[in-house]
Amino acid sequence: MNRMMPPADREEFVRQSCHGEVPLDARLEPWMLECMGDQRLFDRVAEFGSPLNVIHTEPMEQNVDALRQVASERKIDLKIFFARKSNKCLSFVDQAKRSGIGVDTASENEVRQCLDRGIDPGQLICTAAVKSEALLQRCIDRQICIVVDNLDELNRIVSIAKTVERSASIALRLGGFHHDGRKLPTRFGFDVGRDATLCERLSDLPITVLGVHFHLDGYDAGQRVAALTESLDWINRLRRGGHSPVFIDMGGGFPMSYLQSGQQWKRFWDEHRSALLGQRSEVTYRNHGLGLNVHRGEVIGEPNSYPYSQSPTKGDWLRSILDFPVAGVSIAERIASSNVELRCEPGRCLMDGCGMTVASVEFRKQDAEGHWLIGLSMNRTQCRTSSDDFLVDPILLPCNRSDHRSKSGYLVGAYCTESELLSLRHLVFPHGVRCGDLVVFPNTAGYLMHFLESRSHQFPLAKNYLWQSDSLDPIDHQPDHACTA
């Protein structure tokens, strides 16, 4: 690809070799187009192995600024913590430090690594779902705020604090909020109704209650409004009980969009439903439903998929929450008048535009039913979360070889199971596909690279290559990542 091409031409060029049977075009950052047009990418995959996670930290700063601007316009204090569990690369911890934001940690290793990178303990928060005694000990020793989920956890914190004769800094995780006449189900936190007397039971303990915390599934802004409203009530309750909370933490779950076109997203699901009803050819492998089923001639169920196209996102979504009126007063005004800091812990939305996963083509073959299968040197845990599929068109980068076989087919991976498909979608390769070509999965930095990655079959974990410095991320030099056996 000519690097002197205008960006629009470059984008059209990289998309021309692969698209879905029903296309779902990814949003691409300028650095991604530059990377995909550089021979270095082929060289680094050859050097570091396939798949290779390619990362770039600059978009993270832009994503941070977008959230800060919304808060600044409403004159509220916003403290952002990067949800480290969304991507393990230490370059993003370093970027968080440069950006002046904190880091949300979910394990003792994450805490240790952040401290080793020079993150101030006051810029860390620990939200681990299960907290070992060693993790709690480290947090108390370094005065890292611990988000407390249950009474057993609280009692263990109190015991350790008494032993070391230090006060533990905590936030209370809340759940069971009420919205639209129903209680929101969750397995996390103290119930805002059932545990209402908790505030009175915290007196005279070796703890400092810094605030309250919640994290909700999904992206419903109205649910966040309800949770913030009840959390403000808890702030007042804690203050009446003699505590001095200074923040409400609304967790993560800030939505983002992967696709250029909302119309493509709608069309994909329309065409998929038609395929399930036998009204057109399959758009997924063996007509996989992606969460949908056919019952008595009707498509039922809900997609088991991230909403790859949605609106509002990021700052616009936060704006819709902060501007929402409750009893004639906006949530932003209520937060400001309560003299508390609003905190949040985004992961995926801060990682938007920050990475892609690249794998090499190893074979092409037909299965027993005649489907063409394109085998990549990677496994499905290396670009996957809990959803059925990553519903974004991959990009094919041709090598300089002939032998153009397979004009369409499915991407399969290295695990020895029938279900080992890297993408369930039927893909079209207008110019064919060759051994040695590279397949790029765009925008995978948020959760997709690392959340489920596995060493099964004794495969090494994928290396993480920092495009801007032409080097591996420091995480690959950590003892538990350097192992390749």
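Pairs of alpha carbons in region 215-368 separated by more than 20 Å make up 65% of all such pairs. Annotation: the residues Met356, Met32, Met250, sorted from fewest to most other C-beta atoms within 10 Å of their own C-beta, follow the order Met250, Met32, Met356. Checking the Cα-Cα distances for Lys75/Lys162; Lys75/Lys97; Lys88/Lys162 against a 30 Å cut-off, the pairs over it are Lys75/Lys162; Lys88/Lys162. For the pair Glu420 and Leu151, the difference between a 0.36 nm per residue extended length and the Cα-Cα distance amounts to 92.7 nm. Counting only DSSP beta bridges whose two residues both lie in the chain, roughly 50 percent are antiparallel. Going from the fewest other Cβ atoms within 10 Å to the most, the residues Phe190, Phe48 appear in the order Phe48, Phe190. Sorting 63-69, 211-217, 295-301 by average packing, meaning the other beta carbons within 10 Å per residue, from highest down gives 211-217, 63-69, 295-301. Cross-link partners for Lys365 among the lysines, with Cα-Cα distance under 29 Å and sequence neighbours closer than 8 places in the same chain left out: Lys407, Lys463.
Among the trypsin sites (Lys or Arg not before Pro) in region 398-485, those placed in a DSSP loop whose Cβ has at most 10 other Cβ atoms within 10 Å are Arg401. Counting only Cβ charges, +1 for Lys and Arg and -1 for Asp and Glu, the dipole size of region 111-247 around its Cα centre is about 100 debye. Once divided by 2.2 N^0.38 Å, the Cα radius of gyration of the chain becomes 1.04. Couplings 3J(HN,Hα) of region 303-311, computed from phi: x, 8, 8, 5, x, 5, 10, 7, 7 Hz, in residue order, whole Hz [Karplus 6.51 cos²θ - 1.76 cosθ + 1.60, θ = phi - 60°; x for Gly and Pro].
In straight-distance terms, cross-link reach from Lys183 covers every one of the aspartates and glutamates whose alpha-carbon lies under 17 Å from its own, apart from those fewer than eight places away in the same chain; here that gives Asp191, Asp195, Asp217, Asp220, Glu230, Asp233.
Using Cβ point charges alone (K and R +1, D and E -1), the dipole size of the chain about the Cα centre works out to roughly 360 debye. Of the trypsin sites (Lys or Arg not before Pro) found in region 344-374, none is in coil by DSSP with at most 10 other Cβ atoms within 10 Å of its Cβ. Of the trypsin sites (Lys or Arg not before Pro) found in region 253-289, those that fall in a DSSP loop while having at most 15 other beta-carbon atoms within 10 Å are Arg280.
Cα centroids of region 159-216 and region 20-64: how far apart, whole angstrom? Centre-to-centre distance over Cα atoms comes out at 41 Å. Roughly how many Å is it from the Cα centre of region 84-132 to that of region 449-465, as a whole number? Rounded to whole Å, the Cα centres lie 21 Å apart.
Highest average first, the peptides 252-262, 436-446 ordered by how many other beta carbon atoms sit within 10 Å of their residues are 436-446, 252-262.
Taken together, the values in this text are just the output of simple stated rules run on the coordinates, not laboratory data. From a predicted model like this one, the values you see are computed outputs, not experimental measurements. Counting neighbours? That spans all protein chains shown, and the Cβs are built from the backbone with ideal geometry, glycine included.
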